[in-house]
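A.B. asks: The structure that follows is given in the form of structure tokens.
Just so it is clear, none of the values below were taken in a lab; they were calculated from the coordinates. Please read these numbers as outputs of a predicted model, since none were measured by experiment. Using ideal geometry, Cβ is built from the backbone for each residue, glycine included, and neighbour counts are taken over all protein chains shown.
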């Protein structure tokens, strides 16, 4: 195996490992949000989690002396902030006032399709046709499991959740494009900092009149979504997408609803039965084959560490005979 091929292989493996860690952290987002909205107003929860994460993100950027983004990167960063700092958290928090955590997992199962679609539109990836087949099959299994599980339906909640996964898919794809130049954790940190003034102002406006009666579980839910869902999880997730490819690593989102259901069983005491594991096996099958047939080219990727040094560089080359991989990304 050539040195270039080894670099590509190592990049893909690192991408999948980071993607797995990020996915597991995100799996607890909706159960934690469901617990948090039992004690907090959804709009306050959205603003507060963004403000807490934004302050921490600003501290990290100062601590490691990160350079400011270039002017042409500010609008894409603002779009990431709009989608993943404001849009997805707010829409899901409001939706979870109307639907159960289990019901919300139906739509989380649709995230890989939206992520892949926006990856094609914004990231220049070219998945093979079979990729779309297995992606659709996996998403159908996720939706079918949640429906067979007897989750209740709510038109307002369903509409909010559908909007949430659309904006989240765009945010994931846009963030992955930026991560190739800025680094994974830098992207989400800058997005949080851009959104910080708005989040602080909104948190002050929507602050509860009294803190009495708010249970400790709601505080823990707020802490989880502020730290892991808004910051730490994205560090791993964007790094995974940048190294392994948006369409390929994005298929790990198919597993997120099932881990979310497991956490719902532990946190919210919802029953988990044998069909969960049977459907999980089917989804793992779809993820494996979607990865096998993703077939996107590897763009030029630079992933930066805390000292802003280059760690990994995967270069696309004209040596390959696969037309889908025989192009370069313009940085």
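A.B. asks: Tell me whether the range 83-242 comes out rounded, prolate or oblate; compute the Cα gyration tensor, take square roots of the eigenvalues as a ≥ b ≥ c, and use a/c under 1.5 as the rounded threshold. Kindly include the intermediate steps, with their values, before the conclusion.
C.D. replies: Values: a/c = 2.28, a/b = 1.18, b/c = 1.93.
Since a/c reaches 1.5 but b/c is at least a/b, the shape of the range 83-242 is classed as oblate.
A.B. asks: Right, next: Using packing as a proxy for protection, rank 63-70, 246-253, 101-108 so that the peptide with the highest average count of other Cβ atoms within 10 Å comes first.
C.D. replies: Values: 63-70: 12.5, 246-253: 29.5, 101-108: 25.5.
Ranking the peptides 63-70, 246-253, 101-108 by packing returns 246-253, 101-108, 63-70.
A.B. asks: A follow-up question, please. With a/c under 1.5 counting as rounded, go ahead and sort the range 161-296 into rounded, prolate or oblate using the C-alpha gyration tensor (a ≥ b ≥ c being the square roots of the eigenvalues; past the cut-off, prolate if a/b is larger than b/c, else oblate). Spell out each step's value before the answer.
C.D. replies: Working: a/c = 2.73, a/b = 1.19, b/c = 2.29.
Oblate shape, in that a/c is at least 1.5 and b/c is the bigger or equal ratio.
A.B. asks: Pull out a ≥ b ≥ c, the square roots of the eigenvalues of the alpha-carbon gyration tensor of the range 25-137, then state rounded if a/c is under 1.5, prolate if not and a/b is larger than b/c, and oblate in the remaining case.
C.D. replies: Numbers: a/c = 2.40, a/b = 1.04, b/c = 2.31.
Taking the square roots of the gyration eigenvalues as a ≥ b ≥ c, the range 25-137 is oblate.
A.B. asks: Moving to a separate point now. Highest first, please rank the peptides 229-241, 17-29 by the mean number of other Cβ atoms sitting within 10 Å of their residues. Could the numbers behind the result be given before it?
C.D. replies: On the way: 229-241: 25.7, 17-29: 21.6.
My ranking of the peptides, most packed first, is 229-241, 17-29.
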